[in-house]
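To keep things clear, I will list the structure first and then write my remarks on it.
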Amino acid sequence: MARINPFDDAEGSYYVLFDGEDHHSLWPSFADIPAGWTVEHGPAGRQACLDHIGDGCPGPRPATAA
Amino acid sequence: MEDLGGGDRVESGWRAGWSKLIRMGTTSTSGNELPLTAAQSGIWYAQEFAQGNPVYALADCLEIQGGIDRALLGEAVRRAVSEAEAVHVRCGDDGDGPVQRMRSADCVPVPTVDLRGADDPRAAAEEWMRADLGLPLDVTDGPLFTQAILVLGDDLHLWYQRWHHLVFDGLSTSLVAQRAAAVYTALAAGEPVPACPFGRLQELVDEDRHYRDSPDRAADRAFWLERMSGLLDVPALSERVAPVAHELLRETFEVPAAERDALRELAHSLGTDWPRAVIAVVAAYVHRMTGADDIVLGLPVPSRRAATVRATPGMASNIIPLRLSVRPHRGFADLVRQVAEEAGQVLRHQRYRYEDLRRDLGRLEDGGRVFGPQVNVLRFDYDLSFGGHRAELRNLALGPVDDLMFAVYEIADGLRLHIDANPAVYRTDELHRHGEHFARFLRRAVADPTRPVGRINMLDSTERARLLGEWSGDCHPAEPVPDHTLAMCFEEQARRSPESVAVTSDGTSLTYGELDARVNRLARHLIARDAGPDRFVAVALPRSAELIVAVLAVIKSGAAYVPVDPDYPLGRIAYILRDADPELLVTTSELGARLPVSGVPTVLLDDHRLGEELDALSDAGLQDGERIAPLSAMHPAYVIYTSGSTGRPKGVVVPHRNVVALLASTRPLFGFHADDVWTMFHSYAFDFSVWELWGPLLHGGRLVMVPYATSRSPEDFLALLADEGVTVLSQTPSAFYQLMRADQDRPEIGDRLSLRYVVFGGEALDLDRLAEWYARHPDDAPVLVNMYGITETTVHVSHGALDASTAAGEPGSLIGTSLPGLRVYVLDSGLQPVPVGVTGEMYVAGEQVARGYLNRPGLTAERFVAAPYGAAGSRMYRSGDLARWTAEGRLEYLGRADEQVKIRGFRIELGEIEAELRDLDGVRDARVVVREDAAGDAALTGYAVPKPGEAVDAGRLRAALAERLPAHMVPTAFVSLDALPLTANGKLDHRALPAPSPERTSLLMAPRDVEERGVVAAFGEFLAVPGVGIDDNFFDLGGDSFKAVRIARRIGRGLSVVDVFKSPTPRALAERLRDLGAVGGERPVLHRLTPDRGVAPALCLVCIPYGGGAATAYQPLADHLPAELELWAAALPGHDPSVPDEKLLTWEEAAERIVEEIATSVRGPFALYGHCAGSTLTALVARELERRGRMPRAVFAGAAFPDPDPQALLDSAHTRSDDSLHAFLGSLGGFEGALDDADLRTVLAVVRHDMQQGASFQTKARTQWGSQLQTPFHVVIGDADTATVGYESGHLDWKHFTSQVELSVIPGAGHYFVKHQAPELARILCDRLLDRPAALVR
């Protein structure tokens, strides 16, 4: 049985949420947006959201330390 | 060995027997006899196999308010019931297959049960009805219904009606209720009773029969095959599967009128009706309960077409699958639309039987379903009136349910819903919870139809609060985590106990004071070389005290350490160094020279110049001002690389604060203290080591570094634990199981242990396996603690202390509850908390959640996600692990979400197979894994470690497991290993498990000529195994009977399935092909099924199969014969569907071939055995042999005796149509497996041929045989075989052919005992043929 996870639904619609400090979160657009987070991007397809966050390019040193 | 494909597949459903089949009516029925409808056949056989089971019935209760005329009511009921022809038939099978015989209407007793005097008349009525529902209705003698009028009060009556499902379906019950109401109303008004609206039963039967032969059916079949294509697995609300029980659980609730009206309104606004909306709610609910998006519901349908037939009481109903794609983000209204559209389509094809569809989809053979929960919408006229008295209908029973059924119908003030469930599958409390959750789910779905399916809340506030609060851990915050760095914590400890031993490694020890001094010097050196907060320093060192010094020094410098295990593959090391881009690499000269350190500045600890430099540095405590930047608890302490199931390794960045929080939250649970001795067993590149490192060092305890060689030897490690007085041991379950064995083998060491705790982590723990440990050790010395954990949430997440009774009594892997300061949510596809007992995915929030993956912002954002529960702005880690809550609020781990093991649609519990495998003689340890072959078929492979001095044999393991496990759980291949390979981290190393190919542990021989190449290619293709050698055994490579058919057909050239069985290697099969070529393609008929033992047997048994059967049907018997008996079986030409063009032989031709081959192949004494129709051919063979002066020792005739009227039998064999033959067999569940249409025709042609030959032989023999045979006949009968009823006298009819007839009976055996009771049959044959009690092969 294929169990689907709301973060892994290739057909789903997503947001990129931002916590105002240094964290981003992919977020299924059907779900309520958790308190303390704001929409930075979307709704858009899953890959578009990941592209927005910019995986794959090393970029600057990541948000490793506060 | 499994069934062979082809003809003998027919038999499994062929229980009514050969002779019956032959004589069964063709398309015409005599007089008032009618065949059963396809729907009836299903119930008939189900009931026949479950005699006395009362669930095959429908029942309703009509509650009539007001002062009704009881006598008139009785009269109306009697009349309506009398008019329903269907319930007055008698069904029976007196040798001609099941039929229904029309007869004049039964007298319809409608007793009045006066309950007015009872204390509680209503309760008394319920009790009365419940008792009646528990009584079976007799399908043979009738009546097939019960009617009663229960008087609860002068103005309150119940009309109770119950019907056998063999003759009535849901539509019928409402037709009769309406008719009774109309009759009563007319009688009460003194008006003429309106004409009976019912159609004739004959019409319903005709419609059913015409459909089966119509082009409509072929079109429907095509529709369904297309509609169901790609269906892998059908989600249900339980993983359990069980046959229909004798009763059902029922949960009932009502939907108030307002909600019903809202539902109706919603449906209308979407252009459909309320039942479709209810179906949509069920689909959404099943999705939420299972997480599956491909949902298939079963819809019971009337399956009638013509208007007159729709007005005909009877049994025609069917169940059709409704396949829906349910996604959490789509609104509920969308789903209603989808249901409306889909239902509109599939209902047009509702006459195609679901039993046929199951067979078409190959689900019969593995018991697989074609739909999950059923949704039964009962379309009653709820506004029935009996002369102005309102009557309300309440359903009491809807027939058998093997899993679960939602039933819904309209009542005056709303809707009533029943959930019927099989008590063998669902517990009462479970069903009750489904009732509550579903009712709430329905209400909320309808209240806001635009709401996405994933967001509909099915929990009440108390339950939700408990799941998200108390149980998840939100209500138990830990003590505030001190804002300390690991550097500060360690320094503090060093100050507290400078003289205590901190580290023991290889016989040398360092005190806290000595350790701190060395760490300070090295830290100062690292700082001088640019190490500091927010920077990384890689460490690549062997297990040693220096390793501890180096890690602590990196921590003190403010940098995060990046462990690089020197034993890692060089490619992985290069990747880590490239990805982390550290400032420095701390290592040794030797490793520095060997490892791919390109470009990273090294610190070589064994370099004497470094020694001199360090000596010059201060060993005093390091001040924060000395660092290149201030260090805070939020700075990363380490980066550990983990492998995902896919993709490249990713570095998990973990701050100081997380480790401090881990220790703060576990301290009160364990009470760690300075006298504790911990092992550092695991590689420092595995995060279990973080616990093993800081656990002792921040509590003043002693860390014992376990040398690598010791960590690989359970016995040496056990000795180390005893010698060092270790109190806290951390182990993966895999490593602990081995330690457990060492403890068992060396109790004198085990008795010296001082362990306080054994902490499990890193893998699922199999609680069952701890029994042997608890047998030797008390529950509390040590305490075994299961801790679920993930690198991304800093080592441990949960804590569950175990004891012997928990380990013995709890299922699966119990992982306890979340650590203080952490929250574990078990969420469904809509990110909603799942109720108790429902599987969901674990999400972890709290202080220990890592910062993310190094250089992977996208991956970080999809795994470390916003937390919808808990503090604003917090994050949670999506674990990808499945779990469910126990009723006590503890977590049960259920494996990875993406690694659910399914074989042919069955969920496989690998642990269960492993446990059985370990229990087998000679097996010390075992694991079972799923390997996917190139064809994409999942196949189980067993890995067994033999006990010392013993060996394991794949064939023996397979046979032994086949006796203990269902076929789908028996591994297709086995591999013997000296030891299970573990990773450096102590987990089972899946990649190190060799590919299964037991034959190939010897030399792999490549094909040598074109024949062998062809066979090897066919093996490779159908077994999906690359590099097959010519000595590889087909069955050891995962072959089964179905694949054998495909291979034989692919190779062609006269090769048969039997050849594949007899010559299972490419070498042997190629040899066979060469032989076939030499004899011009004519294959021998007789095949030896017992192994060649190299000595002459005491006696040969030559066997002839039953009608349509294959030689291999005798394999089970061959397997059960003692060594001195040899078995040869006849593969009659034309009987193998893999050789469709072969000509069928007459009995005379076949007998001649067999006799010739007996002359050439069979040496010494022999006997003949023939089963069912094959017995007639056997008699002919015996006669020919006697003529040639070679007399058999005996003739055995199984499951057969001559027919009194062979001419009638012959006529019937000629006239019966293919489709009716097939329909009959199909209704028995025959022809299962993947027979395509062409195969089906082939098998049917063979069946007919054998029928005709058997019948004409009997006719001829009676008139043309001048004398009886000399050979004695021995008749073997199964006393549960309905084909040979009357055998007590019937077997003597063999005296037409022979002078001596004896009888043996196998108790409880059905028709096909030759396969299913092979051991019993073998015993009878041996008793008869050998002069001593036989020592039988098991």
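Observations on the structure shown:
- Some residue of segment B:811-826 being under 18 Å from B:Val690 (Cβ atoms), at pLDDT 95 or above and part of a strand (DSSP E or B): no
- In segment B:1268-1293, the residues that are under 46 Å from the mean Cα position of the chain (by Cα), part of a loop (DSSP other than H, G, I, E, B) and of a type in the set (Val, Ile, Thr): B:Val1285
- Selected residue (criterion: farthest from the other protein chains (Cβ to nearest Cβ)) from residues of segment A:1-21 that are part of a strand (DSSP E or B) and over 15 Å from A:Pro34 (Cα atoms): A:Ser13
- Taken over segment B:90-145, the residue count meeting the criterion of being assigned to a loop (DSSP other than H, G, I, E, B) and either among the hydroxyl-bearing types (Ser, Thr, Tyr) or over 30 Å from B:Asp1281 (Cβ atoms) (or both) is 16.
- Checked against the criterion of being within 14 Å of chain A (Cβ to nearest Cβ), surrounded by 23 or more Cβ atoms within 10 Å (Cβ to Cβ) and not charged (D, E, K, R), segment B:336-352 contains not a single residue that satisfies it.
- Of the residues in segment B:1247-1267, none is assigned to a strand (DSSP E or B), within 30 Å of B:Gly1134 (Cα to Cα) and modelled with pLDDT of 80 or more.
- For segment A:9-31, the tally of residues that are free of Cβ contacts under 8 Å to residues at least 24 places away in the same chain and closer than 19 Å to B:Met842 by Cα stands at 3.
- Filter result for B:His268 (assigned to a helix (DSSP H, G or I) and open to solvent by 20 Å² or more (accessible area, probe 1.4 Å)): yes
- Members of segment A:8-44 found to be of a type in the set (Phe, Trp, Tyr) and more than 10 Å from the chain's Cα centre (by Cα), listed by number: A:Phe30, A:Trp37
- Some residue of segment B:234-253 being part of a helix (DSSP H, G or I), at negative phi, open to solvent by 40 Å² or more (accessible area, probe 1.4 Å) and touching a residue at least 60 places away in the same chain (Cβ under 8 Å): no
- Total residues in segment B:1281-1291, condition touching a strand residue (DSSP E or B) at 6+ places or on another chain (Cβ under 9 Å) and without any contact (Cβ under 8 Å) to a residue 40 or more places away in the chain: 1
- Looking only at segment B:303-333, and only at residues there that are in a helix (DSSP H, G or I), open to solvent by 10 Å² or more (accessible area, probe 1.4 Å) and touching a residue at least 12 places away in the same chain (Cβ under 8 Å), the one that is nearest to the other protein chains (Cβ to nearest Cβ): B:Ala333
For every residue, the table says whether it meets (1) of a type in the set (Phe, Trp, Tyr); (2) modelled with pLDDT under 90; (3) farther than 22 Å from B:Ala1322 by Cα.
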{"position": "B:Gly1094", "(1), (2), (3)": "no, yes, no"}
{"position": "B:Gly1107", "(1), (2), (3)": "no, yes, no"}
{"position": "B:Leu1117", "(1), (2), (3)": "no, no, no"}
{"position": "B:Pro1122", "(1), (2), (3)": "no, yes, no"}
{"position": "B:Ala1130", "(1), (2), (3)": "no, no, no"}
{"position": "B:Pro1137", "(1), (2), (3)": "no, yes, yes"}
{"position": "B:Leu1144", "(1), (2), (3)": "no, yes, yes"}
{"position": "B:Trp1147", "(1), (2), (3)": "yes, no, yes"}
{"position": "B:Ala1151", "(1), (2), (3)": "no, no, yes"}
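Conditions (1) more than 30 Å from B:Pro857 (Cα to Cα); (2) modelled with pLDDT of 95 or more; (3) surrounded by fewer than 21 Cβ atoms within 10 Å (Cβ to Cβ), marked per residue:
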{"position": "B:Tyr638", "(1), (2), (3)": "no, yes, no"}
{"position": "B:Val659", "(1), (2), (3)": "no, yes, no"}
{"position": "B:Asp675", "(1), (2), (3)": "yes, yes, yes"}
{"position": "B:Asp687", "(1), (2), (3)": "no, no, no"}
{"position": "B:Trp694", "(1), (2), (3)": "no, yes, no"}
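- When residues of segment B:468-493 are limited to those that are modelled with pLDDT under 95 and part of a helix (DSSP H, G or I), the one surrounded by the fewest Cβ atoms within 10 Å (Cβ to Cβ): B:Glu470
- Hey, B:Gly762 touching a Lys or Arg at 6+ places or on another chain (Cβ under 6 Å) and open to solvent by 20 Å² or more (accessible area, probe 1.4 Å) or not: yes
- Restricting attention to segment B:378-395 and to residues that are within 37 Å of the chain's Cα centre (by Cα) and crowded, with 20+ Cβ neighbours inside 10 Å, the residue that is nearest to B:Pro302 (Cα to Cα) turns out to be B:Leu378.
- Test: residue in segment B:563-577 that is of a type outside the set (Gly, Ala, Ser), within 30 Å of B:Gly513 (Cα to Cα), touching a helix residue (DSSP H, G or I) at 6+ places or on another chain (Cβ under 9 Å) and not in a loop (DSSP other than H, G, I, E, B): yes
- Test: residue in segment B:832-846 that is away from every other protein chain (no Cβ under 14 Å), of a type in the set (Val, Ile, Thr) and part of a loop (DSSP other than H, G, I, E, B): yes
- Single unsatisfied condition, B:Ala123 versus (1) open to solvent by 40 Å² or more (accessible area, probe 1.4 Å); (2) within 27 Å of B:Val183 (Cβ to Cβ): (2)
- Neighbours by Cβ (under 7 Å, 6+ apart or cross-chain): first from segment B:858-876, at the interface with chain A (Cβ under 7 Å from one of its Cβ atoms); second among the acidic types (Asp, Glu) and open to solvent by 30 Å² or more (accessible area, probe 1.4 Å): B:Gly858/A:Asp55; B:Leu859/A:Asp55; B:Pro868/A:Asp32
The values are calculated or read from the model by the stated rules, or taken from the named source; none is laboratory data. Keep in mind that what you see is a predicted model, and the values were worked out from it rather than measured. Virtual Cβ from ideal backbone geometry, glycine too; neighbours counted across all protein chains shown. Accessible surface areas use protein heavy atoms only, side chains included; no ligands, DNA or RNA. Shrake-Rupley method; radii C 1.70, N 1.55, O 1.52, S 1.80 Å.
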